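Below is one structure, written out as structure tokens; comments come after it.
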Amino acid sequence: MEIHDQQIPAFRRGYRLQWEQAQDCHVILYPEGMAKLNESATAILQLVDGVRPVAALIAELDARFPDAGGVGDDVKEFFGQAFEQKWIVFREPA
């Protein structure tokens, strides 16, 4: 799936991001289980609020991690994978 700047990511119903003490990391919890997340995935998913478009999330991450030299392509790739895993859905802007 090609991710566009104005699409708005949101967690799929029944899915949520949470810190899991036993795993010592953030996880995505969903009805069938959970998935452990690395620091990059966590940084991206912590910004998903169902309101801001992908471009706004990329701008915030670029400001937070200026030494990365631009994270846009990586963020879009991750969102494509998160969509395939059914963690998130995309809404079109109103």
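The values are calculated or read from the model by the stated rules, or taken from the named source; none is laboratory data. Predicted model only: the values in this text are computed from it and were never measured. Virtual Cβ from ideal backbone geometry, glycine too; neighbours counted across all protein chains shown. Surface areas here come from the heavy atoms of the whole protein model, side chains and all, with no ligands, DNA or RNA. Shrake-Rupley method; radii C 1.70, N 1.55, O 1.52, S 1.80 Å.
Test Gly14 against the stated conditions and say whether it is out of contact with any strand residue (DSSP E or B) (no Cβ under 9 Å at 6 or more places or on another chain) and either in contact (Cβ under 8 Å) with a residue 40 or more places away in the chain or surrounded by fewer than 14 Cβ atoms within 10 Å (Cβ to Cβ) (or both). For Gly14, the condition - out of contact with any strand residue (DSSP E or B) (no Cβ under 9 Å at 6 or more places or on another chain) and either in contact (Cβ under 8 Å) with a residue 40 or more places away in the chain or surrounded by fewer than 14 Cβ atoms within 10 Å (Cβ to Cβ) (or both) - is not met. Taking the listed residues Ala41, Ala35, Ala59, the one that is part of a helix (DSSP H, G or I) and closer than 26 Å to Gln21 by Cα is Ala41, with no other qualifying.
If we keep just the residues of region 74-94 that are open to solvent by 60 Å² or more (accessible area, probe 1.4 Å) and closer than 15 Å to Arg16 by Cα, which is modelled with the highest pLDDT? Only one residue fits best here, namely Phe83. Checked against (1) over 19 Å from Ile8 (Cβ atoms); (2) touching a residue at least 24 places away in the same chain (Cβ under 8 Å), Ala63 passes all but a single condition, namely (2).
Here is a yes/no grid of residues against (1) touching a Pro at 6+ places or on another chain (Cβ under 8 Å); (2) open to solvent by less than 40 Å² (accessible area, probe 1.4 Å); (3) not hydrophobic (A, V, I, L, M, F, W, C):
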position: Ala22; (1), (2), (3): no, no, no
position: Val27; (1), (2), (3): no, yes, no
position: Ala35; (1), (2), (3): no, yes, no
position: Glu39; (1), (2), (3): no, no, yes
position: Thr42; (1), (2), (3): no, yes, yes
position: Leu47; (1), (2), (3): no, yes, no
